[in-house]
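Below is one structure, written out as structure tokens; comments come after it.
The values are calculated or read from the model by the stated rules, or taken from the named source; none is laboratory data. Everything numeric in this text was worked out from a predicted model, so none of it was measured. Don't worry about glycine lacking a Cβ; one is built from the backbone with ideal geometry, like all the others, and counts go over all protein chains shown. Ligands, DNA and RNA are excluded from the accessible area calculation, which covers all protein heavy atoms including side chains. Shrake-Rupley method; radii C 1.70, N 1.55, O 1.52, S 1.80 Å.
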Amino acid sequence: MRWFVLACISAIGVAHADETCNSPYISQLIKGQEDYVYVWTLGVEGLGDGSDKLVTIDVNPKSKRYGKVIGKVSTGARVEAHHMGFTDDRRYLWAGGLSDNRIWVFDVGRNPAAPKLARTISDLGEKSGFLGPHTYYALPGRMLVQALSNTQDKGGRTGMALYNNKGEFISSYSMPTEGGGDGYGYDLAVNPKQNVLLTSSFTGYANYMRPLGELIKDAEAMKNFGSSMAVWDLKAMKPAKVFKVPGAPLEIRWSLNPKDNWAITAAALTSKLWLVKQDAGGQWAAKEVGTIGDPSKIPLPVDISITRDGKGLWVNTFMDGTTRYFDLSNPEAPKQTYEKVTGKQINMISQSWDGKRLYITSSLLANWDKGGADNEQFIRGFAWDGSELTRKFEVDFTKEKLGRAHHMKLGTKAQRATVTGG
């Protein structure tokens, strides 16, 4: 792992982000107005070509195509498209689905307005034994992929796989099952300065591929959700400590303020915010610090986005379609200061680096999305002036025959000039 130690040390000075909540190792930052939003989209049988696809939306208000679909790249498959992530040089976008082990790599560097499928990686299951790649996290020259399940019993015990940027498998790391670990995985996030990798936990294929209404009635199945987070020694890639965090802790967000030394997450099943930070003795600890909505109504917090100064947090809750803002000036005691219903069902939320623009998508999982009139499938763009969200555009993915809109990443025209000129 010598390469990893040296790379982590050399990259510490570039721990920034563009749209917040990216890997700190990603270069080519968007500090101004983004031009595009890439939406990773679940295919729907009988709708368009029925395949998962990468959809490109023009989001520059000065463009004649503002708020319009300007491109799409189909995978020819339907595998529960879920998350994606840039390589450290931002030239490629890795994406995959939770019902399969393939990873699609899109070239977004040569022409950011028109991504192209560059390659497909198909050996995750064979090399690691893991199933359902979820998080794609850029490391220097590498991609760390967090899976949700395994190929043996399709349960929640899983791990991470490390690839180089060419898509060549390097090694794998199982999630901890000792010291309080349950072996489950979901998200991962790195703090290079502290040599820390944090991981969270969800559930396996056997649960997330079932209809939600059926699942919640199965008491035994509901026991098979993660209830832990782990702190890893980043350079050694070994778990150092496991925390008890009940209720399936999902997305992890480190504060982007260089002076801060903490991360926050939301537990889906308990509607609680949890803070992970070092105590007075230098030991990492996790504690519950806030409540999201009314837990008795199971609002189901699904995605969070932290502001670049670490003083604010956006939280989307799927069941009530509500977007909430929490003041994190004191991360030990988050305070909700704003809320707005932004859809009948909502999932992912992304914000620009300056915090003035937010993007929200609708789909959670194909078998968990609502039915009938509540099954809205969209991306909506909002302006945020510090006190109110104002919708600026919407793309109806059902009307456009695209599918179910899920994860998002931002793109810029400047990337092409950087790539071709370098």
**Fill in**
Taking r as the C-beta separation of GLN33 and PHE393 and R0 as 22 Å, the FRET efficiency to the nearest 0.05 is 0.95
**Request:** Could you tell me the largest-minus-smallest coordinate of the C-alpha atoms of the chain on each of the three principal axes, in descending order and whole angstroms?
**Result:** 56, 51, 45
**Message:** Need one number: nm distance between label points at THR177 and LYS370, each 7 Å from Cα along Cα→Cβ, rounded to one decimal.
**Reply:** 4.0 nm
**Asked** Looking at this model, which pairs from LYS53/LYS399; LYS344/LYS401; LYS311/LYS413; LYS64/LYS399; LYS344/LYS413; LYS217/LYS340 are more than 24 angstrom apart at the alpha-carbon?
**Response** LYS311/LYS413; LYS344/LYS413; LYS217/LYS340
**Prompt:** Could you give the length gained on full extension between ARG110 and ASN330, defined as 0.36 nm per residue of separation minus the Cα-Cα distance, in nm?
**Reply:** 74.9 nm
**Asked** Residue separation times 0.36 nm, minus the C-alpha to C-alpha distance between ASP354 and ALA280: what's the value?
**Response** 23.4 nm
**Message:** Suppose every Lys and Arg Cβ carries +1 and every Asp and Glu Cβ carries -1, with no other charges. What dipole size does the chain come out with about its Cα centre, to the nearest 20 debye?
**Reply:** 960 debye
**Fill in**
D (µm²/s, integer) via Stokes-Einstein for region 317-357, Kirkwood Rh across alpha-carbon pairs, 10 °C, 1.306 mPa s: value 138 µm²/s
**Message:** Quick check: pseudo-label points 7 Å beyond the Cα along Cα→Cβ at LYS297 and THR337, how many nm apart are they?
**Reply:** 2.3 nm
**Message:** Straight-line reach only, C-alpha to C-alpha below 20 angstrom: list the lysines that LYS241 could link to, leaving out same-chain residues fewer than 8 apart.
**Reply:** LYS193, LYS277, LYS287
**Message:** Please report the carbon-and-sulfur percent of the accessible area for region 58-172; probe 1.4 Å, protein heavy atoms only, DNA, RNA and ligands left out.
**Reply:** 41 percent
**Request:** With N denoting the number of residues in region 17-79, provide Rg(C-alpha) divided by 2.2 N^0.38 Å, to two decimal places.
**Result:** 1.36
**Request:** May I ask which residue of GLY159, TYR136, THR177 lies farthest towards the positive end of the charge dipole of region 105-177, with charges of +1 (Lys, Arg) and -1 (Asp, Glu) on Cβ and the Cα centre as origin?
**Result:** TYR136
**Message:** Sort 115-122, 32-39, 143-150 by packing, meaning the average of other beta carbons within 10 Å per residue, with the highest value first.
**Reply:** 143-150, 32-39, 115-122
**Asked** What is the Å³ per residue value for the convex hull set by the Cα atoms of region 166-284?
**Response** 143 Å³
**Item:** region 109-146 versus region 352-404: alpha-carbon centroid distance in Å
**Value:** 25 Å
**Item:** Rg over Rh [alpha-carbon atoms, Kirkwood Rh] for region 163-227
**Value:** 1.08
**Message:** Can you tell me how region 204-350 classifies by the Cα gyration tensor, rounded, prolate or oblate, using a/c under 1.5 as the rounded cut?
**Reply:** oblate
**Request:** Sort the following peptides by mean Cβ neighbour count (other Cβ atoms within 10 Å, averaged over residues), highest first: 338-346, 171-179, 245-253.
**Result:** 245-253, 338-346, 171-179
**Prompt:** For GLN194 and LYS166 in one chain, what is 0.36 nm times their gap in residues minus the Cα-Cα distance, to one decimal in nm?
**Reply:** 7.3 nm
**Message:** Calculate log10 I(q)/I(0) of region 318-422 for q = 0.12, 0.21, 0.23, 0.24 Å⁻¹, where I(q) comes from the Debye formula with a single equal point scatterer on each Cα and nothing for solvent.
**Reply:** -0.50, -1.12, -1.24, -1.30
**Message:** Quick check on the chain: helices-only [θ] at 222 nm, where DSSP H runs of length 4 and up contribute -39,500 (n - 2.57) each and the sum goes over total residues. Nearest 500, please.
**Reply:** -1500 deg cm²/dmol
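What number comes out for accessible area per residue over the chain if the probe is 1.4 Å? Units Å², please.
Per residue, the chain has an accessible area of 38 Å².
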**Separation of the LYS413 and LYS401 label points, Cα + 7 Å toward Cβ, nm** = 3.1 nm
**Fill in**
Taking only the alpha carbons of region 225-310, the radius of gyration and the largest Cα-Cα distance, Dmax, both in angstrom, are 13.4, 42
**Fill in**
Of 323-333, 286-296, 189-199, ordering from highest average Cβ density within 10 Å down gives 189-199, 323-333, 286-296
